[in-house]
Amino acid sequence: MQTLDKYLELFQKNRKQIGKDDPPFMKKLRDTAIASFRQSGFPGRKEERYRYTHLEPVFDGELSFDFQPRQIHFDDDEIFSCDVPLLDSMVVTVLNGFFHHPGKEALTRLDNGIIYGSLKEAIGQYPDLVKKFLGKNAPTSDEPFVALNTAFSQDGIFLYVPEGVRMERPIQIINLLLSDKNHMVHHRNLFVLESNAVAQVIICDHTLSPHMFLTNSVTEAYTGENADLDLLRLQNEHNNSCQVTNTWISQERHSRCQHGTITLHGGIVRNNLRINMVGEGAETSALGLFLTDKMQQVDSYTVIDHRKPQCTSNQYYKGVLDDISTGAFNGKIHVHPDAQKTEAFQTNNNILLSDTAKMYTKPRLEIYADDVKCSHGATVGQLDEEALFYLQSRGISKEEGRLMLMDAFTWDVISKIKHPSLQERITELVGKRLRGELSRCNNCAMHCQE
Amino acid sequence: MLEIKDLKVNIEDKEILKGINLSVKAGEVHAIMGPNGSGKSTLASALAGRDYFNITHGKIIYEGKDLTELTPEDRAREGIFLGFQYPVEIPGVSMVNFLRTSINSMRKYRGQDPLPAGDFLKLMREKKKIVEIDSDLTNRSVNEGFSGGEKKKNEIFQMALLEPKLAILDETDSGLDIDALRIVSNGVNKLRSPENATIIITHYQRLLDYIVPDVVHVLYKGRIVKSGDKSLAKELEEHGYEWIKQEVDANA
């Protein structure tokens, strides 16, 4: 049986279980999604967008899938210690794609009107609010993995920040994967910031058992007029896992968004980012940093859609690749005919530490307006031998010198992370990763790998 | 202190140094002069351990040790300092981090504990005075955005911090205006002592007005073709290198 048919059958056979409490709009959304997916299927090897990352064989593997949250009893504190422990944040835990809230409310509404918690619960409690946004910015026809997620996702995190409300503390979403067999997860986040709202979201991914995990997640975010969203993703799954993230952000007038993806570990990682600037004067910055070794594959695919005048976008992606790892960056800036006075910049710099690591980079500009400032640049190179010799000539060992140069290379991206304690922690994590001291089991207390 | 015996060095297949003999004793200042392309910088780089230079013949004995057996970092830790002709800009590596790592690497090699932060800052302040370096420069990335003069001052500043036994200054005077030249030379003179030695590589005699050498060598076509006292430098200033070239080429 073809992989596509397997998924169509999985959907049809379990149609009653998938979203069994769905209101009518959700049922419709899923039906449209599965129809889109039936049409597109998995992207083939010849499809340009997925040229360097072939995901169908991964989806074809023997993988379990949950239609209801599994009753796994565990104490967060006992088996898991957070990567960013000093951050004063509101922590929400997602276990295998379901909001994990033992003994707590599935959805919390604060006095200032902020709502956060389970998306599934939000669909039940606030169907009109969710309906207004869910699936509106991440259309299933655009991207097969968004379609697949829309059909299958059961839960995830919902965040709503009302007009003019500033979240005092960041919300930290910890995605935990824990299973006794190879397992697949489709989870979905929806963040809505009304006009003048301010929020910071940190998403961390962790695998707590050695099984192969396949995650296909969709995060949709809406930033209203003059709203401010800071969204940072820290990827640290084990190397026997595969992760597809789809982040679709829509920006209204004068809104600001900072998006960052830091990839420390993970077997096959594909990050799709799409920023849709639908209002004038919106600003966005997209940061990416990945560090790979062994057989890791990390593929970043970004599309920044400048639809209205006077929007600014800055993309800054960097990679350090070792061993036989592979990286790809495909970044498109699309300036629509209306989008005069656009300023769009893109940089992608990569360092190969071995003769066998591979990096594919493809910056793309499509400009249909005539009064714009755009630039893009991409480099793939080695550590600067002259600089290394200079350090050595001052008594610094070659090994230490290499690390200093790599720290410097990565600092360019890390220094742009706004939150100081987060910046500090990421500096430390990246430093440890470069020194080979960061085990993927660092934050797990189960010691199953040791 | 340093004994170079019949040193031959290739870059790829091309022989650049064709048998250098040089002996430097503690307390001495040697100047190595010569026209462009004579192999001066190759000699400096070979001493510091740059790996694309291939030593095909001869020996470099430093303090009784075969230098060619040592990595560049171990040569530095043994007290050899190379002042670069073109100091490298290293964006993202702060001067402070660079200098501290450097000093502590040397200390570790000598079995000493890392220098406490307070002592390190004090040492920096003290040594900055020697080369009249701007405080602001040490807050930046290594050599990044430094002017030509600032880069050269920075080399001498590092030399002051590291207190080498043997300093090799490669074209330290090139690109310096008269004030910077004075400051750089003063720095070098202040660091002179009976225990250490300096090799000054230069194209012009100008620097030697400030730093008076004990011995002057002329390097031409990969060989030392003439050695003498400081008056040799004067002679070269007056007559250029032409007469030496003719002399050597006539004998060849």
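Bear in mind that the values in this text are calculations on the coordinates, not laboratory data. What you see is a predicted model; the values in this text were computed from it and never measured. Cβ atoms come from the backbone with ideal geometry, glycine included; neighbour counts cover every protein chain shown.
Observations
- Residues whose amide H comes within less than 5 Å of that of B:L169, counting only those at least five positions distant or on another chain, are B:G83, B:I199, B:I200, B:I201 (H built at 1.01 Å from N in the peptide plane).
- Size of charge dipole - the stretch A:314-443 - debye, nearest 20, with Cβ of Lys, Arg +1 and Asp, Glu -1, no other charges: 320 debye
- The shape of chain A comes out rounded: with a ≥ b ≥ c from the C-alpha gyration tensor, a/c is under 1.5.
- Links that overshoot a 28 Å alpha carbon limit, given the list A:K27/A:K332; B:K128/B:K165; B:K5/B:K230; A:K132/A:K341; B:K151/B:K190; B:K14/B:K245: A:K27/A:K332; A:K132/A:K341
- Taking Lys and Arg as +1 and Asp and Glu as -1, the other residues whose beta-carbon sits under 14 Å from that of A:N196 total -2.
- Chain A: most fluctuating residue of A:Q243, A:Q346, A:Q125 per GNM, C-alpha cutoff 10 Å: A:Q125
- The calculated FRET efficiency for A:Q71 paired with A:D22, based on their beta-carbon distance and R0 = 25 Å, is about 0.65.
- Cross-link reach list, lysines versus B:K8, counting only Cα pairs under 20 Å and skipping chain neighbours closer than eight places: B:K18, B:K40, B:K59, B:K65, B:K221, B:K226
- Amide hydrogen proximity for A:A339: with H placed 1.01 Å from N in the peptide plane, no residue at 5 or more positions away or on another chain lies under 5 Å.
- Dipole of the protein assembly as shown [Lys/Arg +1, Asp/Glu -1 at C-beta], most positive-end residue of A:Q17, B:G228, A:A286: A:Q17
- Computed magnitude of the charge dipole of the stretch B:2-251 (debye, nearest 20; Cβ of K, R +1, Cβ of D, E -1): 520 debye
- Largest GNM mean-square fluctuation across A:R270, A:R253, A:R51, computed for chain A with C-alpha springs under 10 Å, falls on A:R51.
- Neighbour-limited loop hits for trypsin sites (Lys or Arg not before Pro), the stretch B:93-199 (at most 11 other Cβ within 10 Å; DSSP other than H, G, I, E, B): B:R110
- Within the same chain, aspartates and glutamates fewer than 8 places from B:K108 are excluded, and of the rest, those with a Cα less than 19 Å from its Cα are A:E399, A:E400, B:E73, B:D74, B:E78, B:D119, B:E163.
- Spatial separation of Cα centroids for the stretch B:46-90 and the stretch A:271-304, in angstrom: 44 Å
- Amide proton proximity set for A:V198, modelled H, under 5 Å, gap of 5+: A:V165, A:R166, A:M167, A:D228
- By the helix-only formula, in which each DSSP H run with n ≥ 4 contributes -39500 (n - 2.57) and the sum is divided by residues, the protein assembly as shown has a 222 nm mean residue ellipticity of -8500 deg cm²/dmol.
- Compactness index (Cα Rg / 2.2 N^0.38 Å), the stretch B:2-251: 1.01
- ³J(HN,Hα), Karplus 6.51/-1.76/1.60, whole Hz, each residue of the stretch A:306-316, x for Gly, Pro: 8, 9, 10, x, 6, 8, 10, 9, 10, 10, 9
- Nearest-ten-degree value, helix B:148-162 long axis tilted from longest Cα axis of chain B: 70 degrees
- Expected-Rg normalisation [2.2 N^0.38 Å, Cα atoms] applied to the stretch B:142-252: 1.17
- Among the GluC sites (Glu not before Pro) in the stretch B:1-102, those placed in a DSSP loop whose Cβ has at most 12 other Cβ atoms within 10 Å are B:E12.
- Annotation for the stretch A:354-368 versus the stretch B:1-16: alpha-carbon center distance of 43 Å.
- If only the Cβ of Lys and Arg carry +1 and only the Cβ of Asp and Glu carry -1, the dipole of chain A around its Cα centre is close to 1020 debye.
- Cα-based helix-to-principal-axis angle, B:178-191 vs chain B, degrees rounded to 10: 80 degrees
- With the highest mean first, a sort of the peptides A:150-158, A:350-358 on other beta-carbon atoms found within 10 angstrom per residue produces A:150-158, A:350-358.
- The phi-based Karplus calculation (6.51 cos²θ - 1.76 cosθ + 1.60; θ = phi - 60°) puts the 3J(HN,Hα) values of the stretch A:258-274 at 10, 10, x, 10, 10, 10, 9, 9, x, x, 10, 10, 10, 10, 9, 10, 10 Hz, whole numbers, x for Gly and Pro.
- Using alpha-carbon coordinates, inclination of helix B:95-109 to the longest axis of chain B, degrees: 80 degrees
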